[in-house]
Each structure stands twice: as C-alpha cells, then as structure tokens.
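Shown next, in structure tokens, is the structure this report addresses.
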Amino acid sequence: MSTAAVAEQPITLHQRAAPTAATERWTVAQIEALLNLPFNDLLWRAQQVHRAHHDANQVELATLLSVKTGGCPEDCGYCPQSVHYDTGVKAEKLMESGAVRQAAQAAKAAGATRFCMGAAWRAPKDRDIDAVAELVRTVKDVGLEACVTLGMLADGQAERLKHAGLDYYNHNLDCAPDFYGDIISTRDYQDRLDTLDRVRGAGVKVCSGGIVGMGESRRQRAALIAQLANLPEVPESVPINHLVKVEGTPLADQPDLDPFEFVRMIAAARITMPAARVRLSAGRQQMGEAVQALCFLAGANSIFYGEKLLTTGNPDVGADRVLFERLGIHGRASVPGMDERL
Ligand code: SAM
Ligand code: DTB
Ligand code: SF4
C-alpha cells in the first residue's frame, strides 16, 4: 500500500477483526507504511484513533518497584540486572510484604492507580510464586491494580497469581523476531509467546511491549508492533520503552535514536492497538518534555510514575505534576470498584 493510501485508510479498517489466532490484523508492510508516513499525517491518524477510544487528556500513573533486584542469569543486552555484565547492580533477596505495603501506600497517596512489581528472574520457582502471591494480595489490599513481571511462567503459575488477585502480567516481546538473536541468547522468542499464552489462559490481563533504540531498523520496529497487534488477543497494556543505556551493558554505547522515531512508534502502537493503554515507559528522564508531550499527542496514555524505574532513574513526581499541569493532562482518578472495597 502506498503511503498516501495508508494516510487515507478509514481508521476502523483493522480494528474490528475477530481476535482469533489465525487473524493477521496488520501486516509488517502496513505498519512500516504507517511508520514511513509524513510525521504530521501519522500523528493525525494516531490522534483520531486515540480520541475515538480514550479521553485524550487522561494518562494512567503506574508505579514500579523492583521487588527482587539483580543477579539474573539471562543475558539481555540492555539489562543492568544481568549477571553477565558488570553494571554495579547488586543481587538482592525478594522484598518483604511490609516494605511493599509501604511503597504501595506511598504510590497510592501520590496518585498512582497501578503498582507493578519486577523481579530479576529467568523464571520463578513455585515457592517464588507463593511469595509473590503474598505481595500481590498486599498491593490489592492497599487498593491498587497489581501487575508483576517475573520472567517466564510454567504451567499453573499464572493461575496461582490470578487466584491472589493479580490484574496484569508484564512480559515484553522486546523486539522483532529477526533482531532478537542480536540482543538475547539465553531464551527464545517462542518462550516469550508461550508465557503470554499462559497469562492469557489464566484470565490475567496482558501487558506486553518492547524497547526502541537498540539499533533496530524501522522495519524491525514495524515487525515488533505486528507481533503485538496480531497476538490472539491484543494486549491490554503496551509499554514502549526507550533504551536506557547503562554502563557495563553491551548496549551502553548504542548511538542515540532520532526522538521522532520513538514518537512514531507510540503512534503506530496507538493506531494498531486502539483500545490498549500505550505506556510511555523507560527513557523519559533522558527524553525531554517536548518529546514526552509529542508522545501524549501520538496516543500514549500511561507512564511509569515515581523516582525510579527498576534500577535506573525516572522523572520525579513533582516534575511530572508540573508537566501534567502545563499540558492540561490529568491522571486516572481511581480504579473503579477498588476504593469502594476499602
Ligand atoms: N526478568 C523479567 C523479564 O525479563 O521478563 C522481568 C524484569 S525485566 C527488567 C522487564 C523489562 O524491562 C524487559 O523486558 C525490558 O523490556 C525492560 N528493560 C530492561 N532494561 C531496560 C533498559 N535498559 N532500557 C529499557 N528497557 C529495559
Ligand atoms: C517495562 O516494559 N519497562 C519496565 C517494566 N516493564 C518492568 C522496566 C524498565 C526498566 C528500565 C531499566 C531499569 O531501571 O533497570
Ligand atoms: Fe533478567 Fe529480565 Fe534483565 Fe533479562 S530483562 S536480564 S530476564 S531481569
């Protein structure tokens, strides 16, 4: 399809396709054609989709907490928590529920509605699942949506997390299948898809996205979006991370990405996954406010909120409040049905 044809496509063309495994809602070529549009045409398309499905001035605030930091046996080339790289991140034990409760209460008081806990595991053991289930119950008790990201799940583990009240499981595809081998060697793309299947099968909502700026081509960015948008069911949450270059990792010296490429990726995620929360995720601290504003214009409607991501920095809460004020953006007031329970 020509770029002009893509620009004129009705915005609902691909959005009503039945969510079956056999459905290819978007081809890589179609998404690449979106990414190739003149910037203003792409943002116009994205804004139309965004406004048809969401309050254009509302952004979800999700707070992250690393509940088990460092010492991970995987070799993900971007990650400061891998044992393969000397990044200065020390391995720690899983946090206790009392400390998690305090962090969740502080996040709630600051206005967050979702609390996401990350663990630097390749794959949790069953006893780890029991301990994390306790943390999930704690977060739910505080009155926040609970999300965890623990690595690959085995059969039955997602069901146990669901039973504890888990709302979302985050597991990123990270990049295109044909770029994956350049970044990670210790597990396969298919392993990731299998974990997403298990999460979905247990009735837990899926949070899955990737990282931009690792040296991939535009076509490979389109291929990542195609993987996400063509999953049997579209993820409810799509984090788009900008690579945070961490000293000691193989990607520490990766050349800077043109920031407009990042904005284009947000727009493509918005157009292809209209109902999803598209999260402007890692990399905000390095990004500048004008680029963040363009991301919101392109359809991002969620951020990580709080001074820290997992091991690296994030804009402080005060700075985000000022930015929201300047842009007339408001956070989600609360999670429906959650405060009433307290
Ligand atoms: N160990 C689990 C896993 O890999 O599934 C969960 C934690 S892992 C840190 C979660 C995600 O954080 C990764 O999949 C990746 O997308 C993102 N991430 C990690 N390091 C990053 C970096 N330096 N820049 C941007 N995103 C990063
Ligand atoms: C996601 O997509 N990004 C978050 C969360 N899910 C777990 C993690 C970003 C990590 C950035 C590097 C760090 O702070 O260690
Ligand atoms: Fe481990 Fe996750 Fe980091 Fe990969 S991204 S090294 S699996 S903590």
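Peptide packing: for 308-316, 50-58, the average count of neighbouring Cβ atoms within 10 Å per residue gives the ranking 308-316, 50-58, highest mean first. Report the calculated FRET efficiency for Glu307 and Phe260 (r = Cβ-Cβ distance, R0 = 35 Å), to the nearest 0.05. That gives a FRET efficiency of 0.80. Of interest is the spacing of the C-alpha centroids, which for region 171-246 and region 247-300 amounts to 15 Å.
Compute the accessible area per residue over the chain, keeping the other protein chains in place, probe 1.4 Å, unit Å².
Ligands and nucleic acids excluded, the result is 41 Å² per residue.
Helix content alone sets the calculated 222 nm mean residue ellipticity of the chain: runs of n ≥ 4 DSSP H residues at -39500 (n - 2.57) each, divided across all residues, give -11500 deg cm²/dmol. The Cβ shell under 13 Å around Arg114 holds other residues with a net charge of +2, Lys and Arg each +1, Asp and Glu each -1. For the chain, the Cys residues with no second cysteine's beta carbon closer than 4.7 Å are Cys72, Cys175, Cys207, Cys295.
Note down the net charge around Gly213, summing +1 for each Lys or Arg and -1 for each Asp or Glu among other residues with Cβ under 15 Å from its Cβ.
Values: positive: Arg218, Arg221, Lys245, Arg264, Arg284; negative: Asp174, Asp182, Glu216, Asp253, Asp256, Asp258, Glu261.
That sum, taken over residues with Cβ under 15 Å, equals -2.
Where the alpha-carbon atoms of the chain are placed on the principal axes, they occupy 55, 44, 39 Å, in descending order.
Net charge of the neighbourhood of Asp178, taken over other residues with C-beta under 11 Å away and scored Lys/Arg +1, Asp/Glu -1, is -1. Per atom type, region 156-229 shows carbon and sulfur on 42% of its accessible surface, probed at 1.4 Å. In straight-distance terms, cross-link reach from Lys93 covers every one of the lysines whose alpha-carbon lies under 17 Å from its own, apart from those fewer than eight places away in the same chain; here that gives Lys68, Lys125.
The values are calculated or read from the model by the stated rules, or taken from the named source; none is laboratory data. From a predicted model like this one, the values you see are computed outputs, not experimental measurements. Note: ideal-geometry Cβ built from the backbone for every residue, glycine included; neighbour counts use all protein chains shown. The protein model used for the area step is the full one, side chains on, heavy atoms only, and it has no ligands, DNA or RNA in it. Shrake-Rupley method; radii C 1.70, N 1.55, O 1.52, S 1.80 Å.
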